[in-house]
Amino acid sequence: MISKLEELRRQALSELDSVENPESLENWRIRYLGRKSELTQILRGLASLPIEERRKTGAAANELRVFLETSLAAREEAVREIEIARSIKEGRLDVTLPGRPVSIARLHPTTQMLRQISDIFTSMGFEVVEGPEVEWEYYNFEALNIPQDHPARDMWATLWMDYTDSDGRHPMLLRTHTSPMQIRVMESRQPPVRVIVPGKVYRYEATDATHESMFYQIEGFAVDTNITLADLKGTLFEFARRLFGKERKMRFRCDYFPFVEPGVEMAVDCFQCSGAGCQLCSETGWIEILGAGMVHPEVLSRVGYDPDVYTGFAFGLGLERMLMLKYGIEDIRLFYSNDLRFLKQF
Ligand code: PHE
């Protein structure tokens, strides 16, 4: 039986070599791989062979089948080339006809916005740094002045990792914001620092028009001697003017985040109702785009910076919110539902 298969292989290969058009290729396929081919008969007959024989023949026959299929595919390619060459020679193929248009890929709107914002901040002297999306609880909360069991943790709907330490706690999570990178960066260098951190963040959230469970933030912070709230405001207003244009109204007011003191939020007038009040802006006329503030002295001391010498500001903005405001997009879920009709507009 094995020598029969060998014979088949030799015969099939030598015939395949002389095949030069699609019809004889199809005939070859039917003869050697078709339902009535010898090989198929052998494979079908395996069941009636004694076990030892069956195993050997089965392996060899299957190997031959795969081999023939691969050879067929390779020959198909060669035949296609032969055909094209023949067509050109006979003048049937007009190579001067215009080709089929190739569709050109583009960057996702989030990536475009991320680059645009990074450009604005790098032109102001900020450096771009990235960090881990799976984060220790210490960096996401503890080091940012949000101790275990503190109610401030409820400000972030958290996705904990299924991993427990010896105290039975879950010390790892999908980062709920990019702020943990403030700590990681400050731990590893000395002031002055001026850094932005773009990246994905995760929340345990029921999605709706303005909430996604995964979205992008850009963190930014600067620590040096003599940095004041005026520097923060100046930086953010300049940023918003460059991104949205001079006509846009901005609002700066108090807010609370445990890792800054004082804390502020910045809002822009609603793109849909221009401030009159509508459903999108919850009838307020404003859409919040970022949280910010002066880095809390506790946070500075924890990373070994002397709060009597250094001060700093920090902010965290939601990237998709920026896109929604800039282009009047009403549903955040459009960004990650992969609908080309939406994505092609950018
Ligand atoms: N990390 C905060 C959030 O996700 C935003 C923030 C960053 C606030 C930096 C103040 C300073 O909501």
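Please state, rounded to one decimal and in Å, the Kirkwood hydrodynamic radius that the range 173-281 gives when every pair of distinct Cα atoms enters the mean of 1/r. List each step's numbers first, then the result.
Working: mean 1/r = 0.0614 Å⁻¹.
One over the average 1/r among Cα pairs gives 16.3 Å for the range 173-281.
May I ask for the Rg/Rh ratio of the chain, computed from Cα atoms with Rh as the Kirkwood radius, given to two decimals?
Result for the chain is an Rg/Rh of 1.26.
State which helices in the chain qualify, where a helix is a whole DSSP H run, it must extend 27 Å or more along its own axis by its Cα atoms, and its mean Kyte-Doolittle hydropathy must be at least -0.5. Numbers along the way, then the final one.
Values: long enough: 51-89 (56 Å, -0.42).
Both cut-offs are met by 51-89.
Ignoring solvent entirely, what values of log10 I(q)/I(0) come out of the Debye formula for the range 305-346 at 0.19, 0.24, 0.26 Å⁻¹ when each Cα is a single scatterer?
-0.63, -0.87, -0.96
Over the chain, what is the relative contact order in percent, taking alpha-carbon pairs closer than 8 angstrom and at least six residues apart?
Answer for the chain is 14 percent.
If you take the Cα atoms of the range 1-160, find Rg, then find the Kirkwood Rh from the mean of 1/r over all pairs, what is Rg/Rh?
That ratio equals 1.37.
Apply the Karplus curve 6.51 cos²θ - 1.76 cosθ + 1.60, θ = phi - 60°, to the phi angles in the range 195-211 and return the couplings in whole Hz, x for Gly and Pro.
9, 10, 10, x, x, 7, 10, 10, 9, 7, 9, 7, 6, 8, 4, 10, 10
Mind checking which of THR158, GLN148, PRO258 is farthest towards the positive end of the range 133-261's charge dipole, using Cβ charges of +1 (Lys, Arg) and -1 (Asp, Glu) about the Cα centre?
Farthest towards the positive pole: PRO258.
In deg cm²/dmol and to the nearest 500, what is the mean residue ellipticity at 222 nm of the chain if only DSSP H runs of at least 4 residues count, each as -39500 (n - 2.57), divided by the residue total? Walk me through the numbers before you get to the answer.
Numbers: 11 runs with 138 residues, N = 346.
Calculated from helices alone, the mean residue ellipticity at 222 nm is -12500 deg cm²/dmol.
What is the set of long-range amide H partners of CYS278 at a cut-off below 5 Å, with H atoms built 1.01 Å from backbone N?
GLU283, THR284, GLY285
Compute the distance in nm between two label points, each set 7 Å from the Cα along the Cα-to-Cβ direction, one at THR207 and one at ARG80.
With each label point 7 Å from Cα toward Cβ, the separation is 3.7 nm.
How long is the gain from CYS273 to ASP224 if the chain were fully straight, where each residue apart is worth 0.36 nm and the alpha carbon distance is subtracted?
Going from the current span to full extension adds 13.6 nm.
Find how much the distance from LEU93 to GLN41 grows on full extension, using 0.36 nm per residue of separation minus their present alpha carbon separation; answer in nm with one decimal.
Full extension of this stretch gives 14.5 nm more.
What length, rounded to one decimal in nm, is gained on full extension from MET250 through to GLU20, with 0.36 nm per residue of separation minus their alpha-carbon distance?
Answer, rounded to one decimal: 75.6 nm.
Using a 1.4 Å probe on the protein chains only, how many percent of the accessible area of the range 2-90 belongs to carbon and sulfur? Walk me through the intermediate numbers first.
Details: 3160 of 5880 Å².
So the carbon and sulfur contribution to the accessible surface is 54 percent.
In the range 1-41, whose amide N lies under 11 Å from the spot 7 Å out along Cα-to-Cβ of GLU53? List them in ranges.
The answer is 1-2.
For the chain, report the accessible area per residue in Å² (1.4 Å probe, heavy atoms, rounded to an integer).
Accessible surface, normalised per residue, equals 55 Å².
List the aspartates and glutamates whose alpha-carbon lies under 20 Å from that of LYS56, not counting same-chain residues fewer than 8 positions away?
GLU6, GLU7, GLU38
For the range 98-145, just say rounded, prolate or oblate: build the C-alpha gyration tensor, square-root its eigenvalues into a ≥ b ≥ c, call rounded for a/c under 1.5, and beyond that prolate if a/b exceeds b/c, oblate if not.
Oblate, because a/c is 1.5 or more while a/b does not exceed b/c.
Just to confirm my understanding: which cysteines in the chain have no other cysteine beta carbon less than 4.7 Å from their beta carbon?
CYS254
Suppose every K and R has +1 on its Cβ and every D and E has -1 on its Cβ; what is the size of the dipole of the chain about the Cα centre, in Debye to the nearest 20?
With only Lys, Arg, Asp and Glu charged at Cβ, the dipole is about 1380 debye.
Any idea how far the Cα center of the range 179-193 sits from the one of the range 290-346, in Å?
17
For the cross-link pairs LYS36/LYS89; LYS4/LYS36; LYS200/LYS326; LYS233/LYS326, which exceed 26 Å when the distance is taken from alpha carbon to alpha carbon?
LYS36/LYS89
The values are calculated or read from the model by the stated rules, or taken from the named source; none is laboratory data. Small disclaimer: the values here were computed from a predicted structure and weren't measured. Cβ coordinates were reconstructed from backbone atoms using ideal geometry, including for glycine residues, and neighbour counts include every protein chain displayed. Ligands, DNA and RNA are stripped out before the accessible areas are found, and what is left, the full protein with its side chains, is counted by its heavy atoms. Shrake-Rupley method; radii C 1.70, N 1.55, O 1.52, S 1.80 Å.
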